Amino acid sequence: MAGSTEADRGWREGVRDGTPYAAATFVLAVSFGVVAVDLGVPAVAAVVMSAVVYSGSAQFAAVGIAAAGGGIAAAVGAAALVSSRFLPMGFALGPSLRGSRLRRALEGQATVDSAWAMASRGDGRFDRRYLFGHSGTQYVAWVLGTAVGVFVPGLDSRALGLDAVFPVFFLAILVAEVRDRLRFGVALAGAVIALALVPVSPPGLPVLAATAAALVGLRAGR
């Protein structure tokens with residue numbers, strides 16, 4: 001777990017502990033593939049996106065905004081904001097990686113939330129090989145799941161309920177983050193901003209504008 005002091009856990013332990021997460025990742029990836037194709041994304045493009053981006057929240061955000069008619073800048077901007085949490089995570093992980101800055105940057109691409117948390121030793125250091133095994137298992141599941149979603153015929157997102165995964169996924173993230181009045185206020189303010197702009201602004205802009213509430217919350221938290 002995140003507070004573990006066990007040293008030198010290897011990639012095999014990471015693969016073992018990451019397998020349950022990989023199963024959930026596979027289901028989510030199938031839903032992404034089906035929904036992406038339903039929204040008009042070419043099948044190969046969806047698989048390539050999963051292989052390169054490897055971020056469910058960012059991919060759902062980008063595809064959803066693009067499908068709604070938003071521009072490339074709005075889609076990329078929303079994906080970048082959703083993934084911005086990896087910046088501080090990367091700074092924390094960096095000293096535990098090896099080699100030059102370029103090599104550490106490349107190794108840092110293996111970071112996903114669960115792998116990062118479980119690779120932590122609890123003293124500011126991370127088990128590097130364990131991280132690779134844990135994240136690598138999920139990566140394979142993410143790419144394969146996307147391929148199943150886009151290439152297996154007869155998968156209907158509505159019939160299977162997969163079209164509901166997108167909003168439920170973000171709602172689950174929100175519920176997990178709202179643990180006090182300040183965060184609840186920030187979430188509520190962001191929702192109000194987005195809802196107010198939806199009728200009068202291009203798709204994607206309400207999501208980007210709503211993030212201003214987070215800046216206010218950050219200032220208030222300090």
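One table, with the values for the structure above:
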quantity	calculated
At least 27 Å along the helix axis (C-alpha) and Kyte average at least -1.0, DSSP helices within the chain	11-38, 128-151
Extension gain from residue 175 to residue 84, taking 0.36 nm per residue of separation minus the Cα-Cα distance	30.9 nm
Accessible surface, per residue, of the chain when the full set of protein chains is kept, probe 1.4 Å, Å²	57 Å²
Choice from 178, 53, 34 showing the highest fluctuation, given a GNM over the chain with Cα pairs closer than 10 Å	178
Among (i) 29, 24, 15; (ii) 38, 16, 15; (iii) 29, 21, 17, the entry that matches semi-axes √(5λ) of the Cα gyration tensor in Å as calculated here	(i)
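The values are calculated or read from the model by the stated rules, or taken from the named source; none is laboratory data. What you see is a predicted model, and the numbers here were worked out from it, not measured in a lab. These area figures cover heavy atoms from the full protein model, side chains too; ligands, DNA and RNA do not enter into them. Shrake-Rupley method; radii C 1.70, N 1.55, O 1.52, S 1.80 Å.
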